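Engineer: Got a structure for you, questions after.
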2 protein chains.
Amino acid sequence: MSDVFKALADPTRRQVLERLKSGPKSAGELAADFPVSKPTMSAHFAVLREAGLVTTERQGKSLIYHLNVSVLEEALLGFAGLFGLGSDTPKGDTQ
Amino acid sequence: MSDVFKALADPTRRQVLERLKSGPKSAGELAADFPVSKPTMSAHFAVLREAGLVTTERQGKSLIYHLNVSVLEEALLGFAGLFGLGSDTPKGDTQ
DNA sequence: TAGACAATTAGCTATTCATCTAACTATTGT
DNA sequence: ACAATAGTTAGATGAATAGCTAATTGTCTA
């Protein structure tokens, strides 16, 4: 879970997740939206993958990235819940 | 807002926020709960303060730290809302 | 089997970060 | 004014991070 927050600490990675919200995209498609090199993007993808925030699927020459919303939800709402935030979650300990 | 996620990336800082959930505490009280030196804790406090997650108030020799829940809420639920998570927030753009 | 294309890994650099000890600032009490 | 207490600032260090170019791996197609 610390991995998730570490992953979310970088603005580029948060934006990648947002792009993925509208559906799976290839590494190349994603990389095209950002002003950094492909290897740099590849490193960001690796961080997201290791945190469980995205999964990959090969499609021909391309690697397709899928958003894993449940991991995001568990981290964000889980932590928010510790503070009585986020609808109704009643103080469950989600470390 | 990136400052908030950066602040949340460190486990010690997340735990400080959790300790603060039950009410304001002095720097010394907080520091006593963690296995790091006081200057290190002081640096963590500074990060939390700059992110707006805590506020301080002097009380005699002590500095009292207060949790600022609204900043935490805005970041956590705001970002979660972008993904349709967290109760009802309907995809508002909160960058 | 080449060649082209997609993406990652290798190797490097500069910056940021968490940590420490030592020194300083601020407040209280005698 | 002095000593004690609470906390921060200064300065240093090792590890992690984000970035780059060049080289490698994997997949398709002519």
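The values are calculated or read from the model by the stated rules, or taken from the named source; none is laboratory data. None of these values were measured; they are calculated from a predicted model. Cβ atoms come from the backbone with ideal geometry, glycine included; neighbour counts cover every protein chain shown. The area values use the complete protein model at the heavy-atom level, side chains included, leaving out ligands, DNA and RNA. Shrake-Rupley method; radii C 1.70, N 1.55, O 1.52, S 1.80 Å.
Engineer: Name the residue that is farthest from B:S22 (Cα to Cα), counting only residues in segment B:43-55 that are within 12 Å of DNA strand C (Cβ to nearest atom) and open to solvent by less than 60 Å² (accessible area, probe 1.4 Å).
Structural biologist: Here the answer is B:A43.
Engineer: Looking for whichever is at pLDDT 95 or above, on the phi < 0 side of the Ramachandran plot and open to solvent by less than 50 Å² (accessible area, probe 1.4 Å) here; the options are A:Q59, A:Q15. Which one fits?
Structural biologist: Answer to the selection: A:Q15.
Engineer: With respect to A:L72, is the statement that it is within 14 Å of chain B (Cβ to nearest Cβ) and either in a helix (DSSP H, G or I) or closer than 22 Å to A:D3 by Cα (or both) true?
Structural biologist: Yes; evaluated as a whole, the condition is true for this residue.
Engineer: Then there is this: Could you give me the residue pairs with C-beta distances under 8 Å whose first residue belongs to segment A:27-38 and is part of a helix (DSSP H, G or I), whose second residue is aliphatic (A, V, I, L, M) and near DNA strand C (Cβ under 8 Å from one of its atoms) wherever it lies, and which are 6+ apart or on separate chains?
Structural biologist: A:A27/A:M41; A:A27/A:L63; A:L30/A:M41; A:A31/A:M41; A:K38/A:A27; A:K38/A:A31
Engineer: Ok, one more. Please state which one of A:K25, A:K61, A:K38, A:K21 is within 16 Å of DNA strand D (Cβ to nearest atom) and in contact with a helix residue (DSSP H, G or I) (Cβ under 8 Å, 6 or more places away or on another chain).
Structural biologist: Going through A:K25, A:K61, A:K38, A:K21 in turn, just one is within 16 Å of DNA strand D (Cβ to nearest atom) and in contact with a helix residue (DSSP H, G or I) (Cβ under 8 Å, 6 or more places away or on another chain): A:K38.
Engineer: If you don't mind, another one. Evaluate the following for B:P24: is it exposed (fewer than 15 other Cβ atoms within 10 Å of the Cβ) and not aliphatic (A, V, I, L, M)?
Structural biologist: Considered against the rule, which asks whether it is exposed (fewer than 15 other Cβ atoms within 10 Å of the Cβ) and not aliphatic (A, V, I, L, M), B:P24 comes out as no.
Engineer: Before we move on, is B:T55 more than 10 Å from DNA strand D (Cβ to nearest atom), under 13 Å from the mean Cα position of the chain (by Cα) and within 14 Å of chain A (Cβ to nearest Cβ)?
Structural biologist: No, not satisfied.
Engineer: In addition: Here is a list: B:F5, B:F34. Which entry is within 11 Å of chain A (Cβ to nearest Cβ) and modelled with pLDDT of 95 or more?
Structural biologist: Only one candidate qualifies: B:F5.
Engineer: I'm told B:H66 meets every condition in (1) in a helix (DSSP H, G or I); (2) in contact (Cβ under 8 Å) with a residue 24 or more places away in the chain; (3) surrounded by fewer than 18 Cβ atoms within 10 Å (Cβ to Cβ) except one. Can you identify the failing condition by its number?
Structural biologist: Status for B:H66: all satisfied but (1).
Engineer: If you go through segment B:41-52 one residue at a time, how many are within 10 Å of DNA strand D (Cβ to nearest atom) and among the small types (G, A, S)?
Structural biologist: The number of residues fulfilling the criteria is 3.
Engineer: Looking at segment A:71-88, I want the residues that are at pLDDT below 95 and have a partner that is surrounded by fewer than 20 Cβ atoms within 10 Å (Cβ to Cβ) with Cβ atoms under 8 Å, at least 6 apart or on another chain. Which pairs are those?
Structural biologist: If the second residue must be surrounded by fewer than 20 Cβ atoms within 10 Å (Cβ to Cβ), the pairs left are A:G86/B:S87; A:S87/B:S87.
Engineer: In segment A:5-26, how many residues are within 10 Å of the chain's Cα centre (by Cα) and not in a helix (DSSP H, G or I)?
Structural biologist: 1
For (1) of a type in the set (G, A, S); (2) more than 30 Å from B:S70 (Cα to Cα), each residue gets a yes or a no:
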{"site": "A:A9", "(1), (2)": "yes, no"}
{"site": "A:K21", "(1), (2)": "no, no"}
{"site": "A:E57", "(1), (2)": "no, yes"}
{"site": "A:I64", "(1), (2)": "no, yes"}
{"site": "A:V71", "(1), (2)": "no, no"}
{"site": "A:A75", "(1), (2)": "yes, no"}
